[in-house]
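Participant: I have a structure I would like to understand better, so I am pasting it below and will then ask my questions one at a time.
What follows is calculated from the coordinates using simple rules that are stated; it is not laboratory data. Note that the structure is predicted; figures quoted are calculated from it, not measured. Please note: Cβ atoms are built from the backbone with ideal geometry, for glycine as well, and neighbour counts cover all protein chains shown.
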Amino acid sequence: MTPGKVYLVGAGPGHPELLTVKAVKLLETCDVIVYDRLVQEEVLAIAKSSAERIYLGKSVGSHESRQDEIHELLVAKAREGKMVVRLKGGDPFLFGRGGEEAEYLADREIPFEVVPGVSSALAAPLSAGIPVTHREAGSAVAIVTGHEANREHSRLNWKAFAGVDTLVFLMAVSGVERIAAELIAHGRSPETPAAMIQMAFWHGEQVVTATLATIAAEVARAGINPPATLVVGEVVRMRGKLRGAQRDLRRRPDSSPAFQPAPSPEQLLRIATGGIGTQVLRFALATSLFDRLAEWKSASELARELGLNRMGLAEVLECLVSMGLLEASVDGYRNLELASRYLVKNSPQSLRPALLYHGAQTMTLSSVGTYVLNGRQDIAANDPSHLREASCECLARYALPYVAEKLDLTALGSGLFVGWGGRTFHELASNRWPNTVWNSCNPFESREVRDPASAIGLNGCRYGAVVLSGLLECCERQQFGPVLKAAAGGLTPDGLLIVHDSFLSSNAVTPQEAVLSAFGRHVVLGGSRNWSQSRILSELENAGLRVERQEPIPGGTQLIVARPM
Ligand SMILES: C[S@@+](CC[C@H](N)C(=O)[O-])C[C@H]1O[C@@H](n2cnc3c(N)ncnc32)[C@H](O)[C@@H]1O
């Protein structure tokens with residue numbers, strides 16, 4: 001049997017958002033994952049469910065036998081023809097025995113590849129707000145194993161290290177006392193700043209800062225455990241300024257330090273369209289909460305500003321923390337980057353109108369609102385018809401760059417956009433394909449429309465492309481067929497019909513929340529609640545069109561491209 005291949009993959013410091021794109025792709029496709037202690041559950045969850053997950057964490061004191069076991073396992077799985085990911089914390093070639101594993105595979109002629117990862121040597125100091133180099137505080141950095149420190153005849157050249165601006169020691173917890181003593185004995189000032197960072201980017205993250213003279217005692221006092229990284233040098237002082245850096249990996253520096261990756265804009269849309277998350281998010285948007293949380297603010301302060309019940313508001317703020325939109329500390333609450341970028345009113349990338357609109361379609365403010373407002377009823381729902389238009393335009397801005405990336409409409413001469421988000425589409429498409437003349441119309445603008453096909457307004461023209469967007473939510477099945485036929489009739493013989501919509505449910509790609517919210521909107525708005533991909537495909541066929549491609553687009557939408565048969 002032809003052997004498979006072993007990928008020695010760096011998993012970074014453990015947080016799934018700090019994996020490389022290549023690592024994610026390999027995890028998604030591999031047959032076997034061999035991993036050890038410093039890999040988070042969410043990282044393993046990326047793999048397909050059928051992938052075999054083998055834990056081979058090393059227990060202290062049994063390194064050699066465990067390492068032999070790992071070597072043999074990698075070879076055996078590859079010889080079964082499997083694609084194996086050997087996932088290693090940080091970077092595979094930095095103190096991780098990755099070099100030895102690669103050597104073992106090379107000796108046995110097993111195909112292998114090494115994929116770099118973000119090493120904790122850099123990520124742990126960074127996480128604590130310590131840059132390992134800085135023009136004024138450090139121009140050289142050495143990365144050293146702390147394991148060697150306690151050895152009788154350590155091979156470490158303390159004299160040389162003492163002269164390096166920044167020293168990063170991995171595996172340094174048990175050796176910290178000796179490390180500090182050796183550096184001082186070899187000429188480093190006892191006042192040199194030092195920091196120990198435990199479990200950077202995990203929810204047990206803890207940072208201790210001290211001087212070389214006091215670091216061992218402080219580490220013991222704080223009960224720091226491995227994995228932890230020690231940084232020594234003037235750069236540690238930078239932490240004072242940089243520790244407050246905002247980051248959008250979810251992390252809570254207080255007593256319940258759980259964190260998870262912050263949601264992507266796509267997930268935001270999902271949150272906005274399903275379940276209690278909708279109510280909470282909509283309440284926050286309607287009260288412009290995110291606009292008030294550019295800087296730290298306590299729940300009491302915010303409740304006073306808004307005239308709300310403090311306890312109720314605090315609960316909502318906690319929900320927003322758990323959704324990855326706010327961070328919490330003793331100073332109160334503050335936007336994570338995702339909120340400052342997508343949820344405040346005046347950001348160029350604001351998704352606020354779309355999220356408010358979707359919320360308005362699926363729920364009323366009543367339960368969360370009544371609870372938090374404690375009788376205040378004056379934060380009323382915004383005007384739904386205005387919101388709908390704003391929502392569609394802003395979603396078009398979000399989704400159309402993806403559509404444009406996948407289509408080349410350069411040579412089509414003229415195009416017609418039918419549906420919601422027409423203004424934005426017109427603007428984006430005219431920039432993207434300047435030689436194509438675009439028209440747009442929306443037969444469903446008025447809910448009274450009886451004959452949408454004639455409302456498309458072809459006026460005898462033929463188009464190189466007709467794009468139907470966002471129509472399904474307001475189209476009854478008997479209406480959509482005629483719309484398609486009319487659109488197909490307006491195509492040139494080699495023209496393209498493009499359906500871009502969010503209601504093509506597919507178990508594989510459409511998130512459950514999107515399906516639920518589609519249902520919610522159908523209940524509110526009418527229209528057909530059971531469009532499926534196969535129905536759309538048969539409608540296209542009935543309209544004399546042949547489907548060329550069909551793929552998901554971020555935001556829970558899909559793109560279908562068809563041509564006249
Ligand atoms: C065997 S070494 C492997 C290093 C890994 N190859 C890398 O590039 O990060 C393990 C050491 O890395 C450091 N380490 C790993 N993950 C860490 C984390 N999340 N926070 C702080 N230090 C970490 C600790 O010093 C730990 O003892």
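Participant: Classify the range 5-117: rounded, prolate or oblate, from the alpha-carbon gyration tensor (a ≥ b ≥ c, eigenvalue square roots; a/c under 1.5 rounded; otherwise prolate if a/b is larger than b/c)?
Facilitator: Because its axes are fairly even, with a/c under 1.5, the range 5-117 counts as rounded.
Participant: I would also like to ask the following. Among 217-224, 84-91, 278-285, 436-443, how do they line up from the highest to the lowest mean number of other beta-carbon atoms within 10 Å?
Facilitator: Put in order of decreasing packing, that is 84-91, 278-285, 436-443, 217-224.
Participant: Could you pull the Cα extents of the range 121-242 along its three principal axes, largest to smallest, in whole Å?
Facilitator: Result for the range 121-242: principal-axis Cα extents of 36, 32, 21 Å.
Participant: Please find the FRET efficiency linking Lys48 to Ala294, where r is the Cβ-Cβ separation and R0 is fixed at 56 Å, and quote it to the nearest 0.05.
Facilitator: In this case the efficiency is close to 0.85.
Participant: Which ³J(HN,Hα) values in Hz, rounded to whole numbers, follow from the phi angles of the range 154-166 under the Karplus curve 6.51 cos²θ - 1.76 cosθ + 1.60, where θ = phi - 60° and Gly and Pro get x?
Facilitator: 5, 8, 6, 8, 4, 4, 5, 4, 4, x, 8, 3, 10
Participant: Quick check: residue separation of Ala220 and Asp68 times 0.36 nm, minus the Cα distance between them. What number comes out in nm?
Facilitator: Length difference between fully extended and current span is 51.3 nm.
Participant: While we're here: How would you rank Glu327, Glu541, going from fewest to most other Cβ atoms within 10 Å of each one's own Cβ?
Facilitator: Ranking Glu327, Glu541 by Cβ neighbours within 10 Å, fewest first, gives Glu541, Glu327.
Participant: Once you've got the Cα coordinates, tell me which of Lys159/Lys241; Lys5/Lys48; Lys88/Lys159; Lys48/Lys82; Lys241/Lys345; Lys5/Lys406 are over 20 Å apart.
Facilitator: In this structure, Lys159/Lys241; Lys88/Lys159; Lys241/Lys345; Lys5/Lys406 lie more than 20 Å apart at Cα.
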